[in-house]
Amino acid sequence: MSEKRYYYEPARGHGLPHDPLNAIVGPRPIGWIASLNADGQRNLAPYSFFNCFNYRPPIIGFASSGWKDSVQNIVETKEFVWNLTTRALAVPMNETSATLPRGEDEFARAGLTAAPSRLVKAPRVAESPVNFECRLSQCIQLTSANGEPIDSWLVLGEVVAVHIDETLLENGIYQTAKAQPVLRAGGPSAYYAIDEAQRFDLVRPDAR
């Protein structure tokens, strides 16, 4: 590694062609969030600031820059569904990122099938091999270090039901690479896929 370090303070700007923050913290899983508004109209949108935060109960979350339809719907109905984005679904996922009038159906735009969930009213993406049915846990407006509110919202949901395509389970173990998940990277258009060739194993010290 070079000893040279590019230094910047975010409040003063990064001085680069594209903000490197989301390229450094990556690649990141995609929060492909399905929801319903209070009138039962469907919404489907991808969020690149997404992750899992707790085992028991399982809690996942995504952050929205601005109060978008997904956030509004989830606050209204207290539920949503996360859908795994795979390489085969990358183009439809990208289509659902289009800015549409409130109430217009992204499922229809992207040619996707809305499948019924078991415990929540929000639909699943039938073509996705993994779906998490979620109930709203918290919706938090983010703040700066000095306590000033930011126009970004962290939505956390408890996973109450899980759907997994059984072909992704081998001897009861979920095969991450076999699902061919798509991960968001830096820049305006970069994504990555993973495969088994990239796998390596480490045993935690406490488990040795």
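Read-outs throughout are calculated quantities, based only on the coordinates presented, and are distinct from any laboratory measurement. The model shown is predicted, which means the values in this text are computed figures rather than measured ones. With ideal geometry, Cβ positions are generated from the backbone for all residues, glycine too; neighbour counts draw on all protein chains shown.
Structural remarks
- Annotation: the residues TRP82, TRP153, sorted from fewest to most other C-beta atoms within 10 Å of their own C-beta, follow the order TRP153, TRP82.
- Within segment 111-169, trypsin sites (Lys or Arg not before Pro) in DSSP loop having at most 12 other beta-carbon neighbours inside 10 Å: ARG118
- Cβ-Cβ FRET estimate between ARG208 and ARG102, R0 fixed at 41 Å, reported to 0.05: 0.15
- Chain lengthening between ILE140 and ILE59 when straightened (0.36 nm per residue, less Cα-Cα): 27.7 nm
- Per-residue ellipticity at 222 nm, computed for the chain from helices alone with -39500 (n - 2.57) per DSSP H run of at least four residues, works out to -2500 deg cm²/dmol.
- Within segment 92-136: backbone nitrogen closer than 13 Å to the ILE194 label point (7 Å, Cα to C-beta): none
- Burial order of peptide ranges 6-18, 43-55, 181-193 (average beta-carbon count within 10 Å, highest first): 43-55, 181-193, 6-18
- For segment 163-174, the Karplus equation 6.51 cos²θ - 1.76 cosθ + 1.60, evaluated at θ = phi - 60°, returns couplings of 10, 10, 4, 5, 5, 8, 9, 10, 6, x, 9, 5 Hz by residue, with Gly and Pro reported as x.
- Considering only ASN83, LEU168, ASN22, and ranking their Cα positions along the charge dipole of the chain that arises from unit charges at the beta-carbon of Lys, Arg, Asp and Glu, the one farthest toward the positive end is ASN22.
- Cα-based shape type of segment 18-200, given that a ≥ b ≥ c are square roots of the gyration tensor eigenvalues and the cut on a/c is 1.5: rounded
- Residues with amide H under 5 Å from that of ALA190, placed H, sequence gap 5 or more: ALA185
- Cα-Cα separations in segment 113-185 greater than 19 Å, expressed as whole percent: 56 percent
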